[in-house]
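S.K.: Before anything else, here's the structure in question.
The values are calculated or read from the model by the stated rules, or taken from the named source; none is laboratory data. Small disclaimer: the values here were computed from a predicted structure and weren't measured. Positions of Cβ are generated from backbone atoms using ideal geometry, with glycine treated the same way; all protein chains shown enter the neighbour counts. Keep in mind that these areas ignore ligands, DNA and RNA; they rest on the heavy atoms of the full protein, side chains included. Shrake-Rupley method; radii C 1.70, N 1.55, O 1.52, S 1.80 Å.
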Amino acid sequence: MIWDWDYAIESLPALLRGLQVTLLATLLGSLLAFALGLVFALVRRSRVPVLSQLVWAFVEFWRSTPLLVQAILIFFVLPGFGITLSPLTAGVVALGLHYACYTSEVYRAGIDAVPRGQWEAAAALHLPRSRVWLGVVLPQAVPRVVPALGNYVISMFKEVPLLLAIGVVEVVTVANQLGAQTFRLVEPLTLAGVLFLLISYPASLLVRRLERRVGVL
Amino acid sequence: MIVFDGVEKRFGDTVVLSDLSFTVAPAEHVTLIGPSGSGKTTILRLLMCLDSVTRGTIRVAGQELTGDEKRSRQVRRRIGMVFQQFNLFPNMTVRGNLIEAPTRVLGLSKDEANARAVELLDLVGLREKIDEHPSRLSGGQQQRVAIARALAMRPDVLLLDEVTSALDPELVAGVLALLRDIGETTDITILCVTHEMGFARDFSHRVMMFDGGRVIEDAPPERLFTAPEQPRTQEFLKAVLGR
Amino acid sequence: MFDNLGLIVSRLSEGLSTTVIAAVGGIALTVVLSLVAGLGMLSPVAVLRGISRTYVEFFRGTSEIVQLFWIFFALPALTGFQIVPLAAAILVLALNHGAYGGEIVRGAVQSVPRAQYEGALALSLSSRDRMLRVILPQALVEMLPPFNNLFIQLLKSTSLLSLVVVTEITFIANSLRAALPVSEQLTVYAVLLLMYLVLSLLITAGMRWLERRAAARLGRTRATPRINSRLHKEQAA
């Protein structure tokens, strides 16, 4: 009895509920990473002394160290300093903060890809700074960064399972729980892997198509 | 209208302009000619505050350009610029390009800015393209829109930086005709960098020959083109005119 | 707060060799798998292309943690055969990152100008010599910056081994946490993060050195400008 189809089918509903949590964490984590990454990119570009160096140092440090450790730090250690978060919230914060370090680089590359002439034309029309950014630069930079951001969303999706270390009941946690109850881990774990493949592979094909349309940064 | 007084501009160790002084009268059309790298474009960029001077002062309408930021902004607003590469905003339609600055900077209402845009597109002969995106236009059409965009700010001074250099040869004539038209029907002060010697000749009141960051000859076009005094000017004209 | 700093550092250091072995072993095997998969995807033989592409898409598409748990927990249940944990760990790290590396190799080889193939062809070089002596040395320069990122990703992934009870540094930090007061827990994780930072800086320093050497061999004084290099492993695809 290597593979038990009945058991596999039986475990599917629970796994799908776990997958919902995985997707929710990915969605919220991505939104946080998109927003925070833009803030990081703009602060670094602003060249405000000290502040932009601090952000640079943080980004370099945070993306060189493991997300798992960061999640554990946020969930288990911060409560000792009066910051208590639920597992899902802590997980979303960890994902968002870690991926913001990547997305800030994406935005930076996207902003750098806006030709100098666009800045100069905006200056020659005496547009105020806010309009230069909101009216001219970002509308041109953002479409270019969409595929790269899409790749990070897929990447994040596949990293959500490490939040099992802080008790987020996502799909791999569910698989482990089922395995512990029945002493059969093969079916739920394999199905979990298949679910990841079923979502991330089509998503990455979609991103590759987008890349062909708008170009790779 | 424009006064350069002892202006020096360096990029690192490279001296681009050295001890440059000249004045341009209101409504005067001045063309800057000379070999590439002689500093012509830098003059336009300094006036537009895209670069800043290393030494010396630039005055426009009596107001120093650097110095007090707030007051110089008032003066800068009266200067418009057209670029070699058009630099239209690709994320906006032609209309968007034309009304952006008048509404955001001059505080015109949408309707006023729109009326102004339509009037200017009539002038440049592209009224039917008002809702197109710039990428759908030919180079010549894009440059005419860029000229209209600069004019929409009702500038007192217009800077033209090699505006036909990026165009296919057959599109050059249309843009130059438009500029002549603008030159004749307005009293805008125009500073123009160009390699089109025929245009320089009949468009400008004055031609300044640049070499090595200095003005080596400054004369009305009829004299500079027919009887240049400086050997460098003679050489340059011979090279570009092919005779 | 720093009362036990010395103790914390020395306890964490006990796991350092395991982390380093997992990372170095994983990197070595990743390089092999990347080259095999990358060149496989460019092979004229359709079957080889198919196998390589399937490997790459499979290991990129399923989550690394699922792969880790599968090899550690499901495979022994299926086969009754338990691999040595550290060896299994290295295998998973390499299988996963080798899939990303395969795309890096493929992309870099394809970025070598077509004229270089034709030049080598015109000299009647064998297909093996064309690849080894002409194409790969040029592609190598393009590969190194994205591989730097990939190796740092791999280093960070070694922390996942704590979830399958391999006693590397994150595992030790987690077990220290339970025994220490709140204020010192922060010290534990600060030291832990710094250890990862130092290791990743070492990887970067090594890769920069290789980049300079590879660029010098092509007679370039500086590596080609690159935007991609700073992005995540997904970007290499």
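S.K.: Per residue of region B:185-190, in order, report the coupling 6.51 cos²θ - 1.76 cosθ + 1.60 (Karplus, θ = phi - 60°) as ³J(HN,Hα) in whole Hz, putting x for Gly and Pro.
M.R.: 9, 10, 10, 6, 6, 10
S.K.: Okay, next question. Could you compute how much accessible area chains A and B hide from each other, both sides summed, with a 1.4 Å probe? Nearest 100 Å² is fine. Write down the numbers at each step before the final one.
M.R.: Details: alone 12100 and 11400 Å², together 21930 Å².
When A and B are taken together, about 1600 Å² of accessible area is lost.
S.K.: At a Förster distance of 30 Å, what's the computed FRET efficiency of residue B:186 paired with residue B:240, Cβ-Cβ distance as r, to 0.05?
M.R.: With R0 = 30 Å, the Cβ-Cβ based efficiency is 0.60.
S.K.: Determine which residues of region C:35-56 fall in the zone a paramagnetic label at residue C:121 would reach in this model, i.e. backbone nitrogen under 16 Å from the point 7 Å along Cα→Cβ.
M.R.: What the label zone holds, given the 16 Å backbone N cut-off, is C:43-45.
S.K.: Can you pick out the pairs among B:129/B:238; B:9/B:129; B:9/B:70; B:40/B:238; B:40/B:129 whose Cα atoms lie more than 31 Å from each other?
M.R.: Exceeds cut-off: B:129/B:238; B:9/B:129; B:40/B:129.
S.K.: Here is a follow-up. For region C:140-218 and region C:1-57, what is the centre-to-centre distance using only Cα atoms, to the nearest Å?
M.R.: 11
S.K.: May I pose another question? What accessible area per residue comes out for region C:5-236, rounded to a whole number of Å², with a 1.4 Å probe?
M.R.: Accessible surface, normalised per residue, equals 44 Å².
S.K.: Moving on to the next point. Could I get the Rg over Rh figure for chain A? Both from C-alpha atoms, Rh via Kirkwood, rounded to two places.
M.R.: So for chain A, dividing Rg by the Kirkwood Rh gives 1.08.
S.K.: Here's a follow-up. Can you tell me the FRET efficiency between residue C:209 and residue C:9 if r is taken as the Cβ-Cβ distance and R0 is 35 Å, rounded to the nearest 0.05? List each step's numbers first, then the result.
M.R.: Values: r = 28 Å, r/R0 = 0.79.
Once rounded, the FRET efficiency stands at 0.80.
S.K.: Per residue in region A:182-196, which ones lose no less than 10 Å² of accessible surface when going from chain alone to all protein chains (1.4 Å probe)?
M.R.: Listed by number, the residues meeting the 10 Å² cut-off are A:185, A:186, A:189, A:190, A:193, A:196.
S.K.: Let me ask something else about it. For region A:25-214, what is the accessible area per residue in Å² when the probe is 1.4 Å? Intermediate results must be reported in sequence, preceding the final value.
M.R.: Values: 7470 Å² over 190 residues.
Heavy-atom accessible area per residue stands at 39 Å².
S.K.: Suppose the chain between residue B:218 and residue B:165 were pulled fully straight at 0.36 nm per residue; how much longer would it get relative to their current alpha carbon spacing?
M.R.: Values: separation 53, 0.36 × 53 = 19.08 nm, distance 2.32 nm.
Full-extension gain reported as 16.8 nm.
S.K.: Please give the Cα centre distance for region A:5-81 versus region B:164-243, rounded to the nearest Å.
M.R.: Using only Cα atoms to place each centre, the spacing works out to 60 Å.
S.K.: Take residue A:177 and residue A:27, extend 7 Å from each Cα along the Cα→Cβ direction, and tell me the distance between the two endpoints in nm.
M.R.: Result for the modelled spin labels: 2.0 nm.
S.K.: In whole percent, and with a 1.4 Å probe on the protein chains, what portion of the accessible area of chain B is carbon and sulfur?
M.R.: The computed percentage sits at 45.
S.K.: Checking a compactness column here: for chain C, what do you get for Rg(Cα) / (2.2 N^0.38 Å), N being the number of residues?
M.R.: 1.17
S.K.: Using a 1.4 Å probe and counting only protein heavy atoms, how much accessible surface gets buried when C and A come together, both sides summed, in Å² to the nearest 100? Please report the intermediate quantities before stating the final value.
M.R.: Values: alone 12770 and 12100 Å², together 20870 Å².
Between C and A, the summed buried area is about 4000 Å².
S.K.: Another one. How large a share of the accessible area of region C:5-236, in percent, is made up of carbon and sulfur atoms when the probe is 1.4 Å and the other protein chains stay in place?
M.R.: On region C:5-236, the fraction of accessible area on carbon and sulfur atoms equals 67 percent.
S.K.: If you roll a 1.4 Å probe over the heavy atoms of the protein chains, what accessible area per residue do you get for region B:89-154, in Å²?
M.R.: Heavy-atom SASA per residue in region B:89-154 reads 42 Å².
S.K.: Another question, if that's okay. Rounded to the nearest 500 deg cm²/dmol, what is the calculated helix-only ellipticity per residue at 222 nm for the protein assembly as shown, with -39500 (n - 2.57) per DSSP H run of length n ≥ 4? Please report the intermediate quantities before stating the final value.
M.R.: On the way: 26 runs with 424 residues, N = 697.
Dividing the helical sum by the residues of the protein assembly as shown leaves -20000 deg cm²/dmol.
S.K.: Here's a follow-up. Sorted from largest down, what three extents in whole angstroms do the Cα atoms of the protein assembly as shown have along their principal axes?
M.R.: 99, 70, 53 Å, listed from the longest principal axis down.
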